[in-house]
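Working notes for the structure below.
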Amino acid sequence: MKFSNIGATAVLASVASGHTIFCQLKTDAKTYPVSYAIRTPSYDGPQTDVSGSNLACNGPPNPTTPSDKIIDVKAGETVSAIWRHTLQSGANDVMDPGHKGPVMAYLKKVSDATKDSGVGGGWFKIQEEGYSNGKWGTDNVINNGGNQQIKIPDCIEDGQYLLRAEMIALHGARSANGAQLYMECAQINVTGGKATKKPSTSSIPGIYKSNDPGLLIDIYNKPPGTSNPYKIPGPPVFTC
């Protein structure tokens, strides 16, 4: 299929520069070390099969390392999921800018965040950023030094949760399973929640289909616009 020179340049650049990992969490209290309470992989590759169990918290071909740590987070605070190209990269090496697409974050309440695989029901979306004013969510994360801002709802119950941060790259999404999905799960303990509202939940896998319009899209020849706004995949964002 023929596509624009701009698209071709972006795809080639993205192949050369690699991918991304959610590798640190920053709270009001502190910025935690790389891989602290996050199941990080040694390889920064994507998931492309939205029906596979590895969509929950990543996995082969990106084997993740378990963590026995849990980070305390206050309900109502805004945390930063910090993304880097590799576990050794700095703030100027987040992800190739040719990787354009939405960013999202999900929570799942669990009894033991260090042991729950994340696969299955219980997930609810708490943040998303798609395409607006010529910028993708990924553009904003890159321009913000790799920081994805995520507000923890103040109305949820206290307890342990998996926090799943995700970025989706659409440079290859002209065909099914061409979208590249990047995600890791942080292990957190929420305190100070009001427990005034229960979210509707979804299953991972199950939140996406390979033919979702937000995952099967030609962003170069048919970019989003006023007449065809971009539809962020997945369930709606939970609000208190």
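Computed values, structure above
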| read-out | value |
| --- | --- |
| Single residue of the stretch 128-158 satisfying the filter (in contact with a strand residue (DSSP E or B) (Cβ under 6 Å, 6 or more places away or on another chain) and part of a strand (DSSP E or B)) that is most open to solvent (accessible area, probe 1.4 Å) | 151 |
| Given (1) assigned to a loop (DSSP other than H, G, I, E, B); (2) modelled with pLDDT under 95; (3) open to solvent by 20 Å² or more (accessible area, probe 1.4 Å), number of the condition residue 45 does not satisfy | (3) |
| Sole residue being in a loop (DSSP other than H, G, I, E, B), out of contact with any Asp or Glu (no Cβ under 9 Å at 6 or more places or on another chain), touching a residue at least 60 places away in the same chain (Cβ under 8 Å) and farther than 16 Å from residue 198 by Cα, chosen from 96, 112 | 96 |
| Tally, over the stretch 75-88, of residues that are of a type in the set (Ser, Thr, Tyr) and open to solvent by less than 20 Å² (accessible area, probe 1.4 Å) | 1 |
| Residue satisfying all of: in the stretch 53-74; open to solvent by less than 20 Å² (accessible area, probe 1.4 Å) and touching a residue at least 24 places away in the same chain (Cβ under 8 Å); nearest to residue 155 (Cα to Cα) among these | 73 |
| Output for the stretch 220-240, where each listed residue is open to solvent by less than 60 Å² (accessible area, probe 1.4 Å) and either at pLDDT 95 or above or within 30 Å of residue 68 (Cβ to Cβ) (or both) | 230, 232, 233, 234, 235, 237, 238 |
| Given (1) touching a strand residue (DSSP E or B) at 6+ places or on another chain (Cβ under 7 Å); (2) modelled with pLDDT of 95 or more; (3) part of a loop (DSSP other than H, G, I, E, B), number of the condition residue 172 does not satisfy | (2) |
| Hits in the stretch 190-209 - residues which are over 17 Å from residue 57 (Cα atoms) and assigned to a strand (DSSP E or B) | 190, 191 |
| Test: residue in the stretch 141-160 that is under 23 Å from residue 95 (Cβ atoms), touching a residue at least 40 places away in the same chain (Cβ under 8 Å) and touching an Asp or Glu at 6+ places or on another chain (Cβ under 6 Å) | no |
| Selection from the stretch 170-188 of residues that are polar (S, T, N, Q) and either open to solvent by 40 Å² or more (accessible area, probe 1.4 Å) or over 19 Å from residue 112 (Cα atoms) (or both) | 175, 177, 180 |
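The values are calculated or read from the model by the stated rules, or taken from the named source; none is laboratory data. Only a predicted model underlies this, so the values are computations on that prediction, with no experimental measurement involved. Cβ coordinates were reconstructed from backbone atoms using ideal geometry, including for glycine residues, and neighbour counts include every protein chain displayed. Accessible surface areas use protein heavy atoms only, side chains included; no ligands, DNA or RNA. Shrake-Rupley method; radii C 1.70, N 1.55, O 1.52, S 1.80 Å.
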